[in-house]
Structures are given as C-alpha cells and as structure tokens.
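**Student:** Dumping the structure here so I can ask a few things about it.
Since every read-out is calculated from the coordinates, none of them should be taken as a lab result. Just so it is clear, the model here is predicted, and its values are computed rather than measured. FYI the Cβ positions are ideal-geometry reconstructions off the backbone, even for glycines, and counts take in every protein chain you see.
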Amino acid sequence: MMNKLVIANRGAGYIGKSSSVRSVYQLLKDNGHKLLVEEWQGEDIKAIFEINGVKVGIESQGDPDSQMEATMEAFVDAGCEIIVTACRTKSYTYEKVWKYLGEEHGYNVLWAAHFVFTAPGADDTRALLNSCYAHQVYQLIQDRINDVI
C-alpha cells in the first residue's frame with residue numbers, strides 16, 4: 001500500500017492558487033480519469049477522481065472560512081489516498097493540511113507553489129503557467145501511484 005499524499009498549493013491570498021488547482025482538475029478530466037464526485041461552488045471545484053484504483057481528491061478553495069476544511073474531512077472519509085488542495089501559508093487551512101491530514105491521518109505533505117506572474121493583462125500567460133503547474137502535479141500524482149516518490 002502506498003503512503004498517502006497531500007499536495008498543498010500554498011501561498012498568500014489573491015495570487016492564483018485556486019485557478020492553478022482548477023487546472024489540475026481540468027487536466028485529470030481531460031485525460032479521461034474516472035470522475036466520482038464533482039461539486040462546483042461558484043468558480044471553485046471539489047472533485048474526486050479514480051486513477052488506477054487510487055482515489056484523488058481535488059479542492060480549489062484554500063481560504064480561511066471556506067469549504068476547504070470540511071472537504072479535507074470528506075476526502076479522508078471517502079478514502080482519498082492523494083489530495084490536491086489550495087492552502088494559505090498560515091492559519092486554518094494550513095493547520096488543516098499540516099495537523100489534520102499530516103499528523104492525525106498520516107498523509108505525507110508536499111508543499112507546492114504554482115508559478116505567479118503579475119504583469120497586468122497577462123491572462124494568457126497565467127493560463128499557460130497554470131497548465132505547466134497542472135502537468136507537474138499530474139506527474140507527481142502518477143509517480144506516487146507508481147511508487148516512484
């Protein structure tokens with residue numbers, strides 16, 4: 001049995017963590033992985049995929065007082081062995097990843113950061129960089145499933 005893993009896209013508010021996690025969701029969906037749960041709340045997604053028999057949870061909300069905290073509990077209850085989430089650098093969502101998932105439920109925690117590009121009007125560049133991030137996370141997911149990392 002593989003070690004459980006959470007990939008937490010950690011950063012300050014309003015820098016694009018959620019959109020980069022949504023890019024991971026879209027890449028998994030575009031690659032035809034079995035979608036078990038798909039719940040949208042505005043622009044944010046909570047989803048569970050099954051990849052080679054492994055449940056992978058995706059949560060794009062990472063702000064304090066968001067659904068993220070309850071979603072982490074739902075992912076644990078659903079048996080997700082890999083979780084990808086947005087997360088702040090401190091406070092409630094950080095504690096949910098570090099203490100709840102890491103310490104209480106034995107997940108290995110991989111702190112990640114997407115590419116941040118701040119030029120005004122550069123939405124196409126940000127979308128391209130989010131796609132790069134999504135591909136990196138997708139490779140990490142594959143490597144964990146294949147017991148490479």
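**Student:** Quickly run through region 48-81 and pick out the residues that are among the aliphatic types (A, V, I, L, M), assigned to a strand (DSSP E or B) and touching a Gly at 6+ places or on another chain (Cβ under 7 Å).
**Tutor:** Ile48
**Student:** OK, next. Every residue in region 1-16 that is assigned to a strand (DSSP E or B) and not hydrophobic (A, V, I, L, M, F, W, C), please.
**Tutor:** If the condition is that a residue be assigned to a strand (DSSP E or B) and not hydrophobic (A, V, I, L, M, F, W, C), then Asn9, Arg10 are the ones that fit.
**Student:** Could you check, for region 17-31, whether at least one of its residues is among the polar types (S, T, N, Q), outside any helix (DSSP H, G or I) and in contact with a helix residue (DSSP H, G or I) (Cβ under 9 Å, 6 or more places away or on another chain)?
**Tutor:** Yes.
Yes/no matrix, rows are residues, columns are (1) within 15 Å of Asn9 (Cβ to Cβ); (2) touching a residue at least 24 places away in the same chain (Cβ under 8 Å); (3) surrounded by 12 or more Cβ atoms within 10 Å (Cβ to Cβ); (4) aliphatic (A, V, I, L, M):
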| site | (1), (2), (3), (4) |
| --- | --- |
| Glu43 | no, yes, no, no |
| Val56 | yes, yes, yes, yes |
| Ser60 | yes, yes, yes, no |
| Ser91 | no, yes, yes, no |
| Gly106 | no, yes, no, no |
| Pro120 | no, no, no, no |
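**Student:** Is at least one residue of region 1-15 within 23 Å of Thr89 (Cβ to Cβ), surrounded by 16 or more Cβ atoms within 10 Å (Cβ to Cβ) and among the aromatic types (Phe, Trp, Tyr)?
**Tutor:** Scanning region 1-15 turns up no residue that is within 23 Å of Thr89 (Cβ to Cβ), surrounded by 16 or more Cβ atoms within 10 Å (Cβ to Cβ) and among the aromatic types (Phe, Trp, Tyr).
**Student:** Out of everything in region 27-41 that is touching a residue at least 24 places away in the same chain (Cβ under 8 Å) and either within 16 Å of Ile7 (Cα to Cα) or among the aromatic types (Phe, Trp, Tyr) (or both), what residue ends up being surrounded by the most Cβ atoms within 10 Å (Cβ to Cβ)?
**Tutor:** Leu28
**Student:** I'd like to verify a number: residues in region 1-59 that are touching a strand residue (DSSP E or B) at 6+ places or on another chain (Cβ under 7 Å) and small (Gly, Ala, Ser), how many?
**Tutor:** 5
**Student:** Is one or more of the residues making up region 20-34 touching a Ser or Thr at 6+ places or on another chain (Cβ under 6 Å) and closer than 21 Å to Ser91 by Cα?
**Tutor:** yes
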